[in-house]
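Every read-out reported here was derived from the displayed coordinates using simple, explicitly stated rules and does not represent laboratory data. Only a predicted model underlies this, so the values are computations on that prediction, with no experimental measurement involved. Cβ: placed from backbone, ideal geometry, glycine included. Neighbour counts: every protein chain shown.
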Amino acid sequence: MASGTPRLWETDHPYYCTEGNYYARPVDGLHTLYDSWAAFHAEWGDLDPDLNLVFRWDWHRPDPDGDEVPPDTLKVFWVLQRKAILRSTECVVTEADEPAVRAWLAERARTVRAIWEPLLDAPNPAGVTS
């Protein structure tokens, strides 16, 4: 990892994303929990990133509170594009998982970048401002 690159658990994304899907009942299985990165990756790791678009991730490191510190978790937020399904997953992660998590997320980031590429490096037409 390059010097100065923040660790995944040090990243603080603007705003937040709620788990699951606002338009579906919680029992509809739209937020799935996994007890490890390996268990999560076994189910989601090799799925087509175009059909299963990752639009956000959050590595959560809980504040130590008392004798037992809860584990870190990784939340991944998805749009299953073919069926327009919004859902999320959450798995327990460790610092040792970071290289694999980072590589997997980087691959998903390339898919999102490809969607927005025509706008990212385009010249500003007629001086339009936001």
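For a protection proxy built on the mean count of beta-carbon atoms within 10 angstrom, sort 56-67, 112-123, 33-44 highest first, please.
33-44, 56-67, 112-123
Given Cβ point charges of +1 (Lys, Arg) and -1 (Asp, Glu) and nothing else, what value in debye, to the nearest 20, does the dipole of the stretch 1-81 about its Cα centre take?
Its charge dipole is roughly 280 debye.
What's the FRET efficiency of ALA100 with ASP65 using the Cβ-Cβ distance as r and R₀ = 35 Å, to the nearest 0.05?
The computed FRET efficiency comes out at 0.80.
List the residues whose amide H sits under 5 Å from the amide H of THR32, counting only those 5 or more places along or on another chain, with H placed 1.01 Å from N in the peptide plane.
Hits under the 5 Å cutoff: SER88, THR89, GLU90.
What are the extents of the Cα atoms of the stretch 33-82 along their three principal axes, listed from largest to smallest and rounded to whole Å?
Taking the Cα atoms of the stretch 33-82, the three principal extents are 45, 20, 11 Å.
Between GLU10 and LYS83, what is the FRET efficiency for a Förster distance of 25 Å, r being their Cβ-Cβ separation, to the nearest 0.05?
Working from the Cβ atoms, E equals 0.10.
How high is the FRET efficiency from ALA42 to THR111, r the C-beta distance, R0 25 Å, rounded to 0.05?
0.75
Tilt of helix 98-120 relative to the longest C-alpha principal axis of the chain, in degrees (0 to 90, nearest 10)?
It works out to around 20 degrees.
Considering the values [x] 0.96; [y] 0.99; [z] 1.02, which represents Rg/Rh (Cα atoms, Kirkwood Rh) as calculated for the structure under consideration?
The value matching this structure is [z].
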